[in-house]
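Enquirer: If you scroll down you'll find the structure; I have some questions about it.
The values are calculated or read from the model by the stated rules, or taken from the named source; none is laboratory data. Keep in mind that what you see is a predicted model, and the values were worked out from it rather than measured. Neighbour counts run over all protein chains shown; Cβ positions are idealised from the backbone, glycine included.
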Amino acid sequence: MPTGSGIVWHSWGQGAVLVLLHDWNHSWQEWQHNIEPLSRKFQVCVAQLPGSLEKHAPDWEDTQAWALALRSDLHAFFPGQSFSLLGQGWGSILAAYIAPDMEQLSSLVLLGVGGHGSAPHLAAPQPDVLAAKLQRHWQYFSKPALLIWGEGEGVPSPSRAAITLAAGHEEREWMALPNAAYPLQQTCATEVNMVLTHWLLSHS
């Protein structure tokens, strides 16, 4: 589904809508181990953000521009229809950026929201720095949210970011998967798919 925004969308399955946003310098195929299992229960819509393949690292202007494009597309695709939003890495920043303004958003899942150590394509901020940046944009977001880290991602202290992001919000849940490396949805696909399916069905 090409759009005027430059984003290309792919869709599988039927049911409650689940939108997937990939990491910087990756493609929609980052979700290749998740699309088929998740599409058994959901209509899975996966974005391809072409601009993320053009630079080695994103800047805040890139993030804002793509977030606005995503928000425009989602409003056009799902007018008055609820959906869940799932972001990986940089995609989690996009998701957190637009979430407070999406009235039809039913739930939010962020994978790897603490950065990924020394991965060469990422700016890799420390967890507390990224948490603070996200917090500014969704401090008033009060819908169900799930934050997932992998303990093998090279993140110094995922719990520190989790506590910052979830503080004062009982509707926000978080977990750190043991022995799980980046990207979580591929290295521990079976576990992530099971967690996502159960949680999303409970919060759609």
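Enquirer: Of all the residues that make up the range 170-204, how many are more than 21 Å from GLU30 (Cβ to Cβ) and either part of a helix (DSSP H, G or I) or of a type in the set (Asp, Glu) (or both)?
Expert: Within the range 170-204, the subset more than 21 Å from GLU30 (Cβ to Cβ) is 170-174, 178, 198, 201-204.
From what's left, either part of a helix (DSSP H, G or I) or of a type in the set (Asp, Glu) (or both): 170-171, 173, 198, 201-203.
Number satisfying all stated conditions: 7.
Enquirer: From SER92, SER39, SER52, SER27, which residue is under 19 Å from GLU191 (Cβ atoms) and modelled with pLDDT under 90?
Expert: Result: SER92 is the single residue among SER92, SER39, SER52, SER27 that is under 19 Å from GLU191 (Cβ atoms) and modelled with pLDDT under 90.
Enquirer: Let me ask something additional. Check the range 99-113 and report whether any residue there is surrounded by 15 or more Cβ atoms within 10 Å (Cβ to Cβ), modelled with pLDDT under 85 and in contact with an Asp or Glu (Cβ under 9 Å, 6 or more places away or on another chain).
Expert: Yes, there is a match, as at least one residue in the range 99-113 is surrounded by 15 or more Cβ atoms within 10 Å (Cβ to Cβ), modelled with pLDDT under 85 and in contact with an Asp or Glu (Cβ under 9 Å, 6 or more places away or on another chain).
Enquirer: Now, a different point. Return the total of residues in the range 1-25 being within 13 Å of the chain's Cα centre (by Cα), under 18 Å from ASP62 (Cβ atoms) and either part of a strand (DSSP E or B) or free of Cβ contacts under 8 Å to residues at least 60 places away in the same chain (or both). Write out each step before concluding.
Expert: Let us first name the residues in the range 1-25 that are within 13 Å of the chain's Cα centre (by Cα), namely 18-24.
Right, trim to under 18 Å from ASP62 (Cβ atoms) and you get 21-24.
Within this subset, residues satisfying the condition of being either part of a strand (DSSP E or B) or free of Cβ contacts under 8 Å to residues at least 60 places away in the same chain (or both) are 21.
Residues meeting the conditions: 1.
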